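J.: Sharing a structure below in structure tokens format, with a few things to ask.
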Amino acid sequence: MSSSFEKHQKRRLISSYFSVVLSIALVLFLLGLLGMLILNANKVSDHFKEQVVVTIYLKDSAKDVEMKQLEKSLAMADYVKSTEYVSKEQAAEFMKAENGEDFMDFVGYNPLQNSIDVHLKADFVTSEHLEKISAEATNKNFVDEVTYDNDLVNLMNDNVKKISFWVLVISAIFTLIAVLLINSSIRLAVYSKRFTIKTMQMVGATKQFIRRPFVWKSVRLGMIGAVLALIGMAIVLYYLNQTFIELELLGNPVLIVLLFVFIFALGVIITWISTHFATQRFLNLKTDELYY
């Protein structure tokens, strides 16, 4: 009978520890994913900004040397990420592939123009910079016009500001939720041992002596939960890096290591603080208050 009771208590204890570890792991995992989002938010926004194309259309009278010189000067500019010269023949082939028919059969000639597609660096994708770049290019007598989607640029910049603000707000809320959830799990685990705590106290054990094994046990559980969370984060990060190669999510390993260290330390610190205060609460209770 005694052996059966001990096995039952042992199973309950293991189940309690498992619940604590699982809670810590899930909360830290989600918090880590949010951290990765924050670290890579600029990369994601920069990637989309750099997809904006400034197209410089050249007059038919433009000389080859003038077009090459313009493309070279743009490529060397500090605000340009890349340039691509598109001849009128290439543009016609692209339209033919896109529409499925050759429009020149109806027109009889190629009305398209030679052009240079310019991709700017993310920091320069603003209405002010685009207007300045457009004005400089238009001043050249062999440039016909410069086009870009100004409405898209304004909308993109406004949305980036809004998203950045809400990501920070959500991060703060989620961090608070993470602390509360882990604290709740730890308190439940300590609650199941409240009579043991009071018994040890009644036989003369000091508060520090009673608290120490609970704290170290919780810290170990926090470490295990943090390691599981880090493994999950590493798998997700590897998968995303393979899927979205252009974002270079592993391009800054120092920040990634710091994030992993922060998540691990957070698991240890929260469990330590939660256990400390949970055991202190039960140490301060009277014996008859343990039943409520």
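The values are calculated or read from the model by the stated rules, or taken from the named source; none is laboratory data. Everything numeric here is computed off the predicted structure, so don't read it as measured data. Don't worry about glycine lacking a Cβ; one is built from the backbone with ideal geometry, like all the others, and counts go over all protein chains shown. For the accessible areas, the whole protein counts, side chains as well, though only heavy atoms, and no ligand, DNA or RNA atoms are used. Shrake-Rupley method; radii C 1.70, N 1.55, O 1.52, S 1.80 Å.
J.: Which condition number in (1) open to solvent by less than 60 Å² (accessible area, probe 1.4 Å); (2) part of a helix (DSSP H, G or I); (3) more than 30 Å from residue 40 (Cβ to Cβ) is the one that residue 225 fails?
T.: Answer for residue 225: the failing condition is (3).
J.: Right, here's the next one. Looking at this structure, is residue 245 of a type outside the set (Ser, Thr, Tyr), out of contact with any Asp or Glu (no Cβ under 9 Å at 6 or more places or on another chain) and loosely packed, with under 14 Cβ neighbours inside 10 Å?
T.: Answer is yes for this residue.
J.: Same structure again: Kindly establish whether residue 256 is assigned to a helix (DSSP H, G or I), modelled with pLDDT under 90, within 14 Å of the chain's Cα centre (by Cα) and surrounded by 13 or more Cβ atoms within 10 Å (Cβ to Cβ).
T.: Numbers: assigned to a helix (DSSP H, G or I): yes; modelled with pLDDT under 90: yes; within 14 Å of the chain's Cα centre (by Cα): yes; surrounded by 13 or more Cβ atoms within 10 Å (Cβ to Cβ): yes.
Yes.
J.: It is to be established whether one or more residues within segment 212-219 are more than 27 Å from the chain's Cα centre (by Cα), aromatic (Phe, Trp, Tyr) and open to solvent by less than 50 Å² (accessible area, probe 1.4 Å).
T.: Within segment 212-219 (the criterion being more than 27 Å from the chain's Cα centre (by Cα), aromatic (Phe, Trp, Tyr) and open to solvent by less than 50 Å² (accessible area, probe 1.4 Å)), the answer is yes, since at least one residue qualifies.
J.: If you don't mind, there's one more thing I want to ask. Tally time: how many residues in segment 127-176 are among the aliphatic types (A, V, I, L, M) and under 25 Å from residue 113 (Cα atoms)? Break it down into steps so the answer makes sense when it comes.
T.: Keep residues of segment 127-176 that are among the aliphatic types (A, V, I, L, M), which gives 130, 133, 135, 137, 143, 146, 152-153, 155-156, 160, 163, 167-170, 172-173, 176.
Now drop any that are not under 25 Å from residue 113 (Cα atoms), which leaves 130, 133, 135, 137, 143, 146, 152-153.
Matching residues across segment 127-176 total 8.
Here's the yes/no breakdown for (1) out of contact with any Pro (no Cβ under 9 Å at 6 or more places or on another chain); (2) more than 28 Å from residue 226 (Cα to Cα); (3) β-branched (Val, Ile, Thr):
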| residue | (1), (2), (3) |
| --- | --- |
| 123 | yes, yes, no |
| 126 | yes, yes, yes |
| 131 | yes, yes, no |
| 143 | yes, yes, yes |
| 168 | yes, no, no |
| 171 | yes, no, no |
| 179 | yes, no, yes |
| 182 | yes, no, yes |
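J.: Select, from 208, 201, the only residue that is exposed (fewer than 13 other Cβ atoms within 10 Å of the Cβ) and part of a helix (DSSP H, G or I).
T.: 208
J.: When you go through 181, 249, 188 one by one, which is the residue that is under 16 Å from the mean Cα position of the chain (by Cα) and touching a residue at least 24 places away in the same chain (Cβ under 8 Å)? It would help to see each step written out before you state the result.
T.: Numbers: 181 fails: under 16 Å from the mean Cα position of the chain (by Cα); 188 fails: under 16 Å from the mean Cα position of the chain (by Cα).
Of the residues listed, the single one that is under 16 Å from the mean Cα position of the chain (by Cα) and touching a residue at least 24 places away in the same chain (Cβ under 8 Å) is 249.
J.: Still on this structure, please answer the following. Inspect all residues belonging to segment 214-232 and state whether any of them is at pLDDT below 80 and either of a type outside the set (Lys, Arg) or touching a Phe, Trp or Tyr at 6+ places or on another chain (Cβ under 6 Å) (or both). Don't jump to the end; show me each part of the working.
T.: To start, the set of residues in segment 214-232 that are at pLDDT below 80 comprises 214.
Now narrow it down to the ones that are either of a type outside the set (Lys, Arg) or touching a Phe, Trp or Tyr at 6+ places or on another chain (Cβ under 6 Å) (or both): 214.
Yes: one or more hits.
J.: Return the only residue of 44, 53 being at pLDDT 80 or above and either charged (D, E, K, R) or out of contact with any Pro (no Cβ under 6 Å at 6 or more places or on another chain) (or both). Break it down stepwise before answering.
T.: On the way: 44 fails: at pLDDT 80 or above.
Result: 53 is the single residue among 44, 53 that is at pLDDT 80 or above and either charged (D, E, K, R) or out of contact with any Pro (no Cβ under 6 Å at 6 or more places or on another chain) (or both).
J.: Being farther than 11 Å from residue 52 by Cα and of a type in the set (Lys, Arg) is the filter; apply it to segment 110-157 and report the residue that is farthest from the chain's Cα centre (by Cα).
T.: Within segment 110-157, the match that is farthest from the chain's Cα centre (by Cα) is 140.
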